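**Student:** This is the structure I have questions about; it appears just below.
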Number of protein chains: 2
Amino acid sequence: MPAGKPIPKPSVCVCLNVRRASRAITKLYDQALKPSGLKVTQFSALMNIDAHGPLTTSALAKILMLERTTLVRNLKLLENAGFIENSPSPDPRERQISITAHGRHAIGQAQTRWRTVQRQMKQQIGTEQLQMLGHLVTVLEGMADGQGTSPP
Amino acid sequence: MPAGKPIPKPSVCVCLNVRRASRAITKLYDQALKPSGLKVTQFSALMNIDAHGPLTTSALAKILMLERTTLVRNLKLLENAGFIENSPSPDPRERQISITAHGRHAIGQAQTRWRTVQRQMKQQIGTEQLQMLGHLVTVLEGMADGQGTSPP
DNA sequence: GATTTTTGCGTGTATATGCACGTATCACGC
DNA sequence: GCGTGATACGTGCATATACACGCAAAAATC
């Protein structure tokens with residue numbers, strides 16, 4: 001077997017640990033999805049657009065818990081690739097985001113691979129830890145929320 | 001009290017959960033460190049440069065578990081800000097990364113604030129979850145490692 | 001009906017991240 | 001001394017992410 005690099009122990013800084021975990025798991029999912037041509041971020045956006053029908057950018061941002069402006073640019077890529085459509089809506093302020101046939105085909109390809117990694121991940125991590133992860137997400141987002149806006 | 005946004009339940013996708021956690025906690029730390037003018041990523045780089053003396057980019061990358069090329073650009077910013085110095089080494093291939101007085105002053109400012117968030121974080125998350133997090137990091141980095149390189 | 005507020009979008013600017021490549025130099029074996 | 005492989009860097013290209021702004025139009029208020 002190949003040597004394999006020695007992995008530094010987790011940091012004392014909670015934030016860095018989460019960031020390290022994020023980088024590592026993103027790499028795993030992205031590699032798994034690679035043949036489908038989708039990144040895990042794009043896959044998740046597409047899946048949610050498909051699931052929650054045509055919807056506005058803001059609504060999708062809330063679902064994905066992403067900065068709206070971040071999503072705007074992410075969606076631009078999906079639009080350029082022909083996976084989604086960004087059409088006007090009755091209310092001219094809003095935009096209707098909807099998945100295209102091409103987009104559905106893409107997630108079809110990706111889904112199989114996603115299920116595989118997801119299964120592996122669950123096996124390696126364990127149910128208990130997964131639950132704790134869910135809790136961790138909730139706690140952190142709760143904390144980050146309050147701080148966000150207080151002003152006017 | 002302000003309404004506060006409703007927080008969507010954690011995703012089924014393990015990867016997305018970790019990414020969400022990463023975004024949330026990064027926001028918390030960055031806000032806490034804001035007055036110091038450092039991002040949490042920069043703070044960690046500076047702290048490690050300070051701790052492990054002058055060292056090469058590659059060495060630091062291993063410590064931080066970062067892509068070397070990513071680190072190169074991150075360091076460029078710290079250098080422009082005058083926090084570090086990137087000087088040549090006996091071996092002309094290598095570079096010596098070292099912290100400057102200005103850099104030490106910066107982490108001095110940041111450290112107090114970091115300790116505060118870190119404490120809050122530990123309180124909110126709990127020892128058990130923190131251990132779980134450490135384990136999660138190890139497992140994920142272990143998995144991501146193997147896949148990496150098999151080549152020639 | 002006019003004014004103010006709120007809502008929804010997109011852009012400019014900046015950071016973080018990773019992969020594919022190319023370059024220079026050291027360390028080895030011959 | 002000369003290839004050869006390994007090592008250390010940096011860059012081009014692409015994505016993800018967030019904050020500060022500005023713009024337009026619906027909604028609410030008077």
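Please treat every number below as a calculation from the coordinates, not as lab data. Because the structure is a prediction, the values reported are computed rather than measured. Every residue, glycine as well, gets a Cβ built from its backbone with ideal geometry; the counts of neighbours run over all protein chains shown.
**Student:** Could you list all residues from the range A:56-76 that are touching a residue at least 40 places away in the same chain (Cβ under 8 Å) and more than 8 Å from DNA strand C (Cβ to nearest atom)?
**Tutor:** Hit for the range A:56-76 is A:Met65, nothing else.
**Student:** Keeping to the range A:51-69, report how many residues are more than 11 Å from DNA strand D (Cβ to nearest atom) and within 14 Å of another protein chain (Cβ to nearest Cβ). I'd like the intermediate steps shown before the answer.
**Tutor:** Within the range A:51-69, the first condition is being more than 11 Å from DNA strand D (Cβ to nearest atom), and the residues that meet it are A:51-60, A:62-63.
From what is left, the residues that are within 14 Å of another protein chain (Cβ to nearest Cβ) are A:51-52, A:55, A:58-60, A:62-63.
Of the residues in that region, 8 qualify.
**Student:** Considering only the range A:99-133, state which residues are part of a loop (DSSP other than H, G, I, E, B) and β-branched (Val, Ile, Thr).
**Tutor:** A:Thr100
**Student:** Also, I was wondering about something else. Only one of A:Val40, A:Val72 is more than 9 Å from chain B (Cβ to nearest Cβ) and near DNA strand D (Cβ under 10 Å from one of its atoms). Can you tell me which?
**Tutor:** A:Val72
Table: residues versus (1) more than 11 Å from DNA strand C (Cβ to nearest atom); (2) over 21 Å from B:Val137 (Cβ atoms); (3) without any contact (Cβ under 8 Å) to a residue 60 or more places away in the chain.
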position	(1), (2), (3)
B:Ser11	yes, no, yes
B:Arg93	no, yes, yes
B:Gln96	yes, yes, yes
B:Gly108	yes, yes, yes
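**Student:** Then there is this: So A:Ser44 passes all but one of these: (1) surrounded by 13 or more Cβ atoms within 10 Å (Cβ to Cβ); (2) in contact with a strand residue (DSSP E or B) (Cβ under 9 Å, 6 or more places away or on another chain); (3) outside any strand (DSSP E or B); (4) not basic (Lys, Arg). Which condition number does it fail?
**Tutor:** Checking A:Ser44 against (1) surrounded by 13 or more Cβ atoms within 10 Å (Cβ to Cβ); (2) in contact with a strand residue (DSSP E or B) (Cβ under 9 Å, 6 or more places away or on another chain); (3) outside any strand (DSSP E or B); (4) not basic (Lys, Arg), the one that fails is (2).
**Student:** Go through B:Gln120, B:Gln124 for me and flag whichever is within 26 Å of A:Ala24 (Cβ to Cβ), more than 15 Å from DNA strand C (Cβ to nearest atom) and more than 19 Å from the chain's Cα centre (by Cα).
**Tutor:** Answer to the selection: B:Gln124.
**Student:** Given the structure, is A:Ala110 within 16 Å of DNA strand D (Cβ to nearest atom), closer than 23 Å to B:Ala21 by Cβ and facing chain B (nearest Cβ under 10 Å)? Explain how you work it out, then say what you get.
**Tutor:** Values: within 16 Å of DNA strand D (Cβ to nearest atom): yes; closer than 23 Å to B:Ala21 by Cβ: yes; facing chain B (nearest Cβ under 10 Å): no.
It is false that A:Ala110 is within 16 Å of DNA strand D (Cβ to nearest atom), closer than 23 Å to B:Ala21 by Cβ and facing chain B (nearest Cβ under 10 Å).
**Student:** Out of (1) within 11 Å of DNA strand D (Cβ to nearest atom); (2) in contact (Cβ under 8 Å) with a residue 24 or more places away in the chain, what's the single condition that is false for B:Phe83?
**Tutor:** Exception for B:Phe83: condition (1).
**Student:** Answer with yes or no whether B:Ala51 is under 16 Å from the mean Cα position of the chain (by Cα) and either within 30 Å of A:Ala32 (Cα to Cα) or not hydrophobic (A, V, I, L, M, F, W, C) (or both).
**Tutor:** So B:Ala51 does not fit the description; no.
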